[in-house]
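Data first, discussion second: the structure below is written as structure tokens.
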């Protein structure tokens, strides 16, 4: 996407040997390149690189307030936090809490008073632990049982780029059944797709971000509908 120079890309590949997470402290060249990468990509909105980077907090805000706003966006009223700009997608996230907890809305949704507590868009109070750090073995097991799979990536997602998704798929060593081609919605290119053995379909969503259906709902609905009804993308 033109975020880093060719020289930095080549240097990262050469010095980091494909591992950009668990970098050895003695690998000074790799550490230097990663620092350069972090610098030139700072300020980029990782879920969708074309959208503005909208922060709800000043750089002066401390961790407790950051935790408070992450738990429930409406908590900003209890602090001196800044609202996101109207042009920011996150502004709608902020409004969701007020809409979903409005008495008239809850009545229209037939939610009995007192039966459901305050609604949170994202809650971190779920009692669970992460005991499956890698889904590789599980996917292989499901594929062996003949279960179909659809793997997709928004092509403007920087949190989990489509190139990383493809690298993960390559590690499965599945053969290619239908090679790289366009798929369409309303006679327009909606992305690219490739079909693998073991009934795996990979697709990119053109213009999509980290949560692709949020950015390209029509295209993602078409993609899912065709796949669920066993039609080619």
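Every number here is computed from the coordinates shown, using simple stated rules; none is lab data. Not measured: the values here are computed from a predicted model. Here the Cβ positions follow ideal geometry from the backbone for every residue, glycine too, while neighbour counts run over all protein chains shown.
Pick from 177, 105, 189: which residue has the top mean-square fluctuation in a GNM of the chain where Cα pairs under 10 Å get a spring?
105
Just rank 20, 91, 215, fewest to most, by other beta-carbon atoms within 10 angstrom.
In order of increasing Cβ crowding within 10 Å: 20, 91, 215.
Quick one: 226, 216, 170, fewest Cβ neighbours within 10 Å first, how do they rank?
In increasing order of surrounding Cβ atoms, one gets 170, 226, 216.
Could you tell me the relative contact order of the chain? Use alpha-carbon pairs under 8 Å, at least six residues apart, and round to a whole percent. Please report the intermediate quantities before stating the final value.
Numbers: 262 pairs, mean separation 35.3, N = 233.
So the answer I get is 15 percent.
Can you give the % of DSSP beta bridges in the chain that are antiparallel, to the nearest 5? Numbers along the way, then the final one.
On the way: 11 of 17 bridges.
So the antiparallel bridges in the chain amount to around 65 percent.
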